[in-house]
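Working notes for the structure below.
The values are calculated or read from the model by the stated rules, or taken from the named source; none is laboratory data. This structure is a prediction, so every number in the text was calculated from the model and none was measured. In this analysis, Cβ positions are derived from the backbone assuming ideal geometry, glycine residues included, and neighbour counts consider all displayed protein chains.
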Amino acid sequence: MEFKNILLAIENKIAVVTINRPDKLNAINDATLTELEKCFSFLKNNDEVNVVIVTGTGEKAFVAGADINELNGLNVKSGKIFSEKGQKVFSMIETLEKPVIAAINGLALGGGCELALACHIRLASDKAKFGQPEIHLGIIPGYGGTQRLTRLINSGRSAELILSGELIDAAEALRIGLVNKVYPHSELMNKAKELAVKISSKGQVAVKLALQSILSCNEMTFKEGFKTEAESFGKCCGTEDSKEGIKAFFEKRKPNFKNR
Ligand code: COA
(Lines give C-alpha, C1' and ligand atoms only; values in the text may rest on other atoms or scores of the structure.)
Protein backbone atom coordinates (compact mmCIF):
# COMPACT_ATOMS: atom_id res chain seq x y z
CA MET A 1 0.00 0.00 0.00
CA GLU A 2 1.48 3.35 -1.09
CA PHE A 3 0.80 6.79 0.35
CA LYS A 4 2.01 10.32 -0.31
CA ASN A 5 2.39 11.63 3.25
CA ILE A 6 3.13 8.47 5.20
CA LEU A 7 5.40 5.47 4.74
CA LEU A 8 4.30 1.95 5.60
CA ALA A 9 6.74 -0.92 6.02
CA ILE A 10 5.78 -4.39 7.21
CA GLU A 11 8.35 -6.95 8.30
CA ASN A 12 8.09 -9.95 10.62
CA LYS A 13 4.53 -9.04 11.63
CA ILE A 14 5.61 -5.54 12.72
CA ALA A 15 4.28 -2.54 10.78
CA VAL A 16 6.12 0.78 10.93
CA VAL A 17 3.99 3.79 10.00
CA THR A 18 6.13 6.90 9.45
CA ILE A 19 4.59 10.35 9.10
CA ASN A 20 6.56 11.69 6.17
CA ARG A 21 6.35 15.46 5.62
CA PRO A 22 9.85 16.42 6.77
CA ASP A 23 9.75 19.88 5.16
CA LYS A 24 6.74 20.68 7.39
CA LEU A 25 8.14 18.89 10.46
CA ASN A 26 5.65 16.09 9.73
CA ALA A 27 2.65 18.34 10.47
CA ILE A 28 -0.56 16.44 9.83
CA ASN A 29 -2.71 17.97 7.10
CA ASP A 30 -6.11 16.68 6.00
CA ALA A 31 -4.59 14.46 3.30
CA THR A 32 -2.29 12.84 5.89
CA LEU A 33 -5.24 12.25 8.20
CA THR A 34 -7.15 10.56 5.37
CA GLU A 35 -4.12 8.40 4.59
CA LEU A 36 -3.77 7.44 8.26
CA GLU A 37 -7.43 6.40 8.25
CA LYS A 38 -6.86 4.16 5.20
CA CYS A 39 -3.61 2.80 6.56
CA PHE A 40 -5.00 1.83 9.98
CA SER A 41 -8.10 0.29 8.45
CA PHE A 42 -5.76 -1.82 6.25
CA LEU A 43 -3.62 -2.78 9.28
CA LYS A 44 -6.66 -3.76 11.34
CA ASN A 45 -7.69 -6.38 8.79
CA ASN A 46 -4.18 -7.59 8.00
CA ASP A 47 -3.30 -10.96 9.54
CA GLU A 48 0.36 -10.34 8.70
CA VAL A 49 0.54 -7.56 11.30
CA ASN A 50 0.58 -8.10 15.06
CA VAL A 51 2.06 -4.81 16.32
CA VAL A 52 2.34 -1.30 14.87
CA ILE A 53 5.02 1.35 15.50
CA VAL A 54 4.25 5.00 14.67
CA THR A 55 7.10 7.45 14.17
CA GLY A 56 8.12 10.53 12.16
CA THR A 57 10.65 11.08 9.37
CA GLY A 58 13.89 12.89 10.15
CA GLU A 59 15.91 13.86 13.18
CA LYS A 60 13.84 16.79 14.38
CA ALA A 61 10.16 15.97 14.59
CA PHE A 62 7.77 13.19 15.43
CA VAL A 63 4.86 15.43 14.41
CA ALA A 64 4.82 19.23 14.94
CA GLY A 65 1.03 19.37 15.08
CA ALA A 66 -1.96 19.67 12.84
CA ASP A 67 -1.08 21.65 9.72
CA ILE A 68 -1.62 25.28 10.76
CA ASN A 69 -2.24 26.30 7.13
CA GLU A 70 -5.50 24.36 7.28
CA LEU A 71 -6.60 26.04 10.51
CA ASN A 72 -6.66 29.33 8.68
CA GLY A 73 -10.25 30.37 7.94
CA LEU A 74 -12.04 27.72 9.97
CA ASN A 75 -15.35 28.82 11.46
CA VAL A 76 -17.56 27.40 14.21
CA LYS A 77 -19.01 24.71 11.96
CA SER A 78 -15.93 23.76 9.94
CA GLY A 79 -13.78 23.87 13.09
CA LYS A 80 -16.02 21.28 14.75
CA ILE A 81 -15.85 19.06 11.66
CA PHE A 82 -12.03 19.46 11.59
CA SER A 83 -11.82 18.32 15.20
CA GLU A 84 -14.23 15.43 14.73
CA LYS A 85 -12.25 14.01 11.81
CA GLY A 86 -9.01 14.01 13.81
CA GLN A 87 -10.77 12.50 16.81
CA LYS A 88 -12.22 9.74 14.62
CA VAL A 89 -8.91 8.81 12.99
CA PHE A 90 -6.95 8.88 16.25
CA SER A 91 -9.67 6.78 17.92
CA MET A 92 -9.24 4.23 15.10
CA ILE A 93 -5.61 3.97 16.15
CA GLU A 94 -6.54 3.53 19.80
CA THR A 95 -9.16 0.87 18.99
CA LEU A 96 -7.07 -1.01 16.41
CA GLU A 97 -7.14 -4.08 18.68
CA LYS A 98 -3.42 -4.50 18.00
CA PRO A 99 -0.78 -2.77 20.12
CA VAL A 100 0.42 0.56 18.72
CA ILE A 101 3.76 1.88 19.99
CA ALA A 102 4.65 5.54 19.47
CA ALA A 103 8.40 5.92 18.84
CA ILE A 104 8.64 9.65 19.53
CA ASN A 105 11.78 10.73 17.72
CA GLY A 106 11.53 14.50 18.20
CA LEU A 107 8.95 17.27 18.54
CA ALA A 108 5.51 15.96 19.50
CA LEU A 109 3.43 19.12 19.51
CA GLY A 110 -0.31 19.69 19.36
CA GLY A 111 -1.76 16.97 17.10
CA GLY A 112 1.63 15.22 17.37
CA CYS A 113 1.31 14.89 21.12
CA GLU A 114 -2.30 13.80 20.59
CA LEU A 115 -1.17 11.16 18.08
CA ALA A 116 1.27 9.79 20.67
CA LEU A 117 -1.53 9.82 23.26
CA ALA A 118 -3.75 7.72 20.97
CA CYS A 119 -1.03 5.03 20.87
CA HIS A 120 -0.98 2.42 23.62
CA ILE A 121 2.69 2.69 24.58
CA ARG A 122 4.91 5.76 24.25
CA LEU A 123 8.69 5.46 23.92
CA ALA A 124 10.69 8.66 23.47
CA SER A 125 14.08 9.77 22.21
CA ASP A 126 16.06 11.89 24.68
CA LYS A 127 15.73 14.66 22.06
CA ALA A 128 11.90 14.57 22.09
CA LYS A 129 9.86 17.56 23.24
CA PHE A 130 6.19 17.57 24.08
CA GLY A 131 3.51 20.21 24.27
CA GLN A 132 0.00 21.35 23.44
CA PRO A 133 0.80 24.84 22.10
CA GLU A 134 -2.67 25.41 20.57
CA ILE A 135 -3.41 28.10 23.19
CA HIS A 136 -0.83 30.34 21.44
CA LEU A 137 -3.14 30.22 18.39
CA GLY A 138 -6.23 30.98 20.43
CA ILE A 139 -7.56 27.42 20.15
CA ILE A 140 -7.51 24.21 22.17
CA PRO A 141 -6.35 20.64 21.38
CA GLY A 142 -9.02 19.11 19.13
CA TYR A 143 -7.76 15.63 18.29
CA GLY A 144 -8.62 14.09 21.67
CA GLY A 145 -5.88 15.82 23.68
CA THR A 146 -8.03 17.39 26.38
CA GLN A 147 -9.47 13.94 27.12
CA ARG A 148 -6.53 11.57 26.73
CA LEU A 149 -3.91 13.84 28.31
CA THR A 150 -6.14 14.48 31.32
CA ARG A 151 -6.83 10.77 31.83
CA LEU A 152 -3.15 9.91 31.45
CA ILE A 153 -1.34 12.50 33.55
CA ASN A 154 -4.15 14.00 35.70
CA SER A 155 -6.16 17.19 35.35
CA GLY A 156 -3.71 19.55 37.08
CA ARG A 157 -0.76 18.63 34.86
CA SER A 158 -2.96 18.50 31.78
CA ALA A 159 -4.33 21.98 32.54
CA GLU A 160 -0.81 23.34 33.02
CA LEU A 161 0.37 22.03 29.64
CA ILE A 162 -2.78 23.00 27.72
CA LEU A 163 -3.24 26.44 29.31
CA SER A 164 0.40 27.53 29.23
CA GLY A 165 1.25 26.00 25.85
CA GLU A 166 4.75 25.39 27.25
CA LEU A 167 6.94 22.58 25.97
CA ILE A 168 8.51 19.95 28.20
CA ASP A 169 11.52 17.76 27.52
CA ALA A 170 11.63 13.97 27.48
CA ALA A 171 12.87 13.69 31.08
CA GLU A 172 9.92 15.74 32.35
CA ALA A 173 7.52 13.75 30.12
CA LEU A 174 8.86 10.59 31.76
CA ARG A 175 8.55 12.07 35.25
CA ILE A 176 4.87 12.95 34.79
CA GLY A 177 3.97 9.66 33.12
CA LEU A 178 3.41 11.03 29.63
CA VAL A 179 5.89 8.51 28.21
CA ASN A 180 6.84 5.01 29.35
CA LYS A 181 10.57 5.16 28.63
CA VAL A 182 13.25 7.50 27.26
CA TYR A 183 16.16 6.18 25.19
CA PRO A 184 19.23 7.77 23.61
CA HIS A 185 18.06 9.07 20.23
CA SER A 186 20.03 6.53 18.18
CA GLU A 187 18.58 3.58 20.11
CA LEU A 188 14.91 4.55 19.96
CA MET A 189 13.80 2.59 16.88
CA ASN A 190 15.67 -0.55 17.90
CA LYS A 191 14.12 -0.41 21.36
CA ALA A 192 10.65 0.11 19.86
CA LYS A 193 11.20 -2.86 17.52
CA GLU A 194 12.51 -5.02 20.38
CA LEU A 195 9.34 -4.34 22.36
CA ALA A 196 7.17 -4.93 19.28
CA VAL A 197 8.85 -8.29 18.64
CA LYS A 198 8.43 -9.26 22.29
CA ILE A 199 4.68 -8.50 22.20
CA SER A 200 4.32 -10.13 18.78
CA SER A 201 5.69 -13.41 20.16
CA LYS A 202 2.82 -13.69 22.68
CA GLY A 203 -0.56 -15.29 22.07
CA GLN A 204 -2.37 -12.63 20.06
CA VAL A 205 -5.83 -13.55 21.35
CA ALA A 206 -4.62 -12.70 24.85
CA VAL A 207 -2.92 -9.51 23.58
CA LYS A 208 -6.12 -8.33 21.89
CA LEU A 209 -8.33 -9.13 24.89
CA ALA A 210 -5.88 -7.48 27.30
CA LEU A 211 -5.91 -4.30 25.20
CA GLN A 212 -9.72 -4.31 24.99
CA SER A 213 -9.96 -4.72 28.74
CA ILE A 214 -7.45 -1.93 29.42
CA LEU A 215 -9.29 0.45 27.07
CA SER A 216 -12.66 -0.39 28.64
CA CYS A 217 -11.50 1.77 31.61
CA ASN A 218 -12.28 4.83 29.48
CA GLU A 219 -15.92 3.93 29.05
CA MET A 220 -16.98 1.65 31.88
CA THR A 221 -17.47 1.81 35.58
CA PHE A 222 -15.15 -0.26 37.78
CA LYS A 223 -17.89 -2.86 38.15
CA GLU A 224 -18.54 -3.12 34.39
CA GLY A 225 -14.79 -3.26 33.76
CA PHE A 226 -14.45 -6.25 36.10
CA LYS A 227 -17.22 -8.00 34.17
CA THR A 228 -15.42 -7.38 30.86
CA GLU A 229 -12.16 -8.57 32.38
CA ALA A 230 -13.72 -11.82 33.62
CA GLU A 231 -15.35 -12.50 30.25
CA SER A 232 -12.05 -11.89 28.44
CA PHE A 233 -10.16 -14.01 30.98
CA GLY A 234 -12.62 -16.83 30.32
CA LYS A 235 -12.14 -16.48 26.53
CA CYS A 236 -8.36 -16.69 26.99
CA CYS A 237 -8.76 -19.88 29.03
CA GLY A 238 -10.56 -21.46 26.08
CA THR A 239 -7.63 -20.90 23.67
CA GLU A 240 -4.99 -23.40 22.62
CA ASP A 241 -2.44 -20.72 23.43
CA SER A 242 -3.37 -20.73 27.12
CA LYS A 243 -2.96 -24.53 27.23
CA GLU A 244 0.43 -24.15 25.53
CA GLY A 245 1.52 -21.28 27.81
CA ILE A 246 0.74 -23.20 30.98
CA LYS A 247 2.20 -26.47 29.64
CA ALA A 248 5.41 -24.64 28.70
CA PHE A 249 5.67 -23.23 32.22
CA PHE A 250 5.57 -26.72 33.74
CA GLU A 251 7.98 -28.07 31.14
CA LYS A 252 10.35 -25.15 31.90
CA ARG A 253 10.54 -24.01 28.26
CA LYS A 254 9.45 -21.03 26.18
CA PRO A 255 5.85 -21.25 24.92
CA ASN A 256 5.24 -21.61 21.21
CA PHE A 257 2.03 -19.67 20.66
CA LYS A 258 -0.02 -20.37 17.54
CA ASN A 259 -2.56 -17.53 18.02
CA ARG A 260 -5.53 -19.83 18.41
N1 COA B 1 1.78 23.27 10.58
C2 COA B 1 2.22 23.65 9.37
N3 COA B 1 3.52 23.86 9.12
C4 COA B 1 4.38 23.66 10.13
C5 COA B 1 3.98 23.27 11.41
C6 COA B 1 2.60 23.06 11.61
N7 COA B 1 2.10 22.64 12.79
N8 COA B 1 5.07 23.18 12.20
C9 COA B 1 6.12 23.49 11.44
N10 COA B 1 5.71 23.80 10.18
C11 COA B 1 6.53 24.18 9.03
C12 COA B 1 7.02 25.62 9.14
O13 COA B 1 6.01 26.52 8.74
C14 COA B 1 8.21 25.58 8.21
O15 COA B 1 7.72 25.61 6.90
P16 COA B 1 8.42 26.61 5.80
O17 COA B 1 9.84 26.13 5.71
O18 COA B 1 7.62 26.36 4.55
O19 COA B 1 8.29 27.98 6.35
C20 COA B 1 8.77 24.19 8.45
O21 COA B 1 7.71 23.42 9.01
C22 COA B 1 9.95 24.16 9.41
O23 COA B 1 9.53 24.78 10.62
P24 COA B 1 10.29 26.05 11.27
O25 COA B 1 9.27 26.83 12.03
O26 COA B 1 11.09 26.76 10.24
O27 COA B 1 11.27 25.30 12.27
P28 COA B 1 11.86 25.88 13.62
O29 COA B 1 12.89 24.90 14.06
O30 COA B 1 12.29 27.29 13.47
O31 COA B 1 10.64 25.85 14.66
C32 COA B 1 8.72 24.89 15.79
C33 COA B 1 10.06 24.63 15.06
C34 COA B 1 8.09 23.55 16.06
C35 COA B 1 8.99 25.62 17.10
C36 COA B 1 7.81 25.76 14.89
O37 COA B 1 7.76 25.18 13.59
C38 COA B 1 6.37 25.80 15.40
O39 COA B 1 6.10 26.54 16.33
N40 COA B 1 5.46 25.03 14.79
C41 COA B 1 4.07 25.00 15.17
C42 COA B 1 3.86 24.13 16.37
C43 COA B 1 2.40 24.19 16.80
O44 COA B 1 1.87 25.22 17.19
N45 COA B 1 1.74 23.02 16.70
C46 COA B 1 0.36 22.89 17.06
C47 COA B 1 -0.50 23.20 15.90
S48 COA B 1 -2.21 23.10 16.32
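Structure values in brief
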{"item": "Neighbours by Cβ (under 7 Å, 6+ apart or cross-chain): first from region 62-76, closer than 18 Å to residue 90 by Cβ; second more than 10 Å from the ligand (Cβ to nearest atom) and assigned to a loop (DSSP other than H, G, I, E, B)", "result": "62/105; 62/128"}
{"item": "Looking only at region 193-231, and only at residues there that are part of a loop (DSSP other than H, G, I, E, B) and polar (S, T, N, Q), the one that is nearest to residue 15 (Cα to Cα)", "result": "201"}
{"item": "Residues that are away from the ligand (no atom under 12 Å from the Cβ) and small (Gly, Ala, Ser), drawn from region 125-177", "result": "125, 128, 144, 155, 156, 158, 159, 164, 170, 171, 173, 177"}
{"item": "Qualifying residue in region 87-103 (condition: in contact (Cβ under 8 Å) with a residue 60 or more places away in the chain and within 15 Å of the ligand (Cβ to nearest atom))", "result": "no"}
{"item": "Residue under evaluation residue 65, criteria (1) over 26 Å from residue 186 (Cα atoms); (2) within 10 Å of the ligand (Cβ to nearest atom), criterion not met", "result": "(1)"}
{"item": "Any pair with Cβ under 7 angstrom, 6 or more apart, that starts in region 163-182 at a residue that is β-branched (Val, Ile, Thr) and ends at one that is modelled with pLDDT of 95 or more and in a helix (DSSP H, G or I)", "result": "176/153; 176/157; 179/170; 179/173; 182/170; 182/171; 182/174"}
{"item": "Evaluation of residue 50 against (1) crowded, with 21+ Cβ neighbours inside 10 Å; (2) within 16 Å of the ligand (Cβ to nearest atom) (one fails), failing number", "result": "(2)"}
{"item": "Cβ-Cβ under 6 Å pairs, at least 6 apart or on other chains, region 14-31 side farther than 20 Å from residue 87 by Cα, far side near the ligand (Cβ under 8 Å from one of its atoms)", "result": "25/61; 25/64"}
{"item": "Residue ID - farthest from the ligand (Cβ to nearest atom), chosen from residues in region 68-78 that are modelled with pLDDT of 95 or more and not hydrophobic (A, V, I, L, M, F, W, C)", "result": "77"}
{"item": "Test: residue in region 25-33 that is more than 17 Å from residue 89 (Cα to Cα) and either assigned to a strand (DSSP E or B) or out of contact with any His (no Cβ under 7 Å at 6 or more places or on another chain) (or both)", "result": "yes"}
{"item": "Which listed residue, of 191, 198, is in contact (Cβ under 8 Å) with a residue 40 or more places away in the chain, within 30 Å of residue 107 (Cβ to Cβ) and out of contact with any helix residue (DSSP H, G or I) (no Cβ under 9 Å at 6 or more places or on another chain)", "result": "191"}
{"item": "Residues that are within 16 Å of the ligand (Cβ to nearest atom), surrounded by 22 or more Cβ atoms within 10 Å (Cβ to Cβ) and of a type in the set (A, V, I, L, M), drawn from region 13-32", "result": "19, 27, 28"}
{"item": "Residue in region 5-12 that is surrounded by fewer than 21 Cβ atoms within 10 Å (Cβ to Cβ), of a type in the set (Gly, Ala, Ser), outside any helix (DSSP H, G or I) and touching a residue at least 24 places away in the same chain (Cβ under 8 Å) present", "result": "no"}
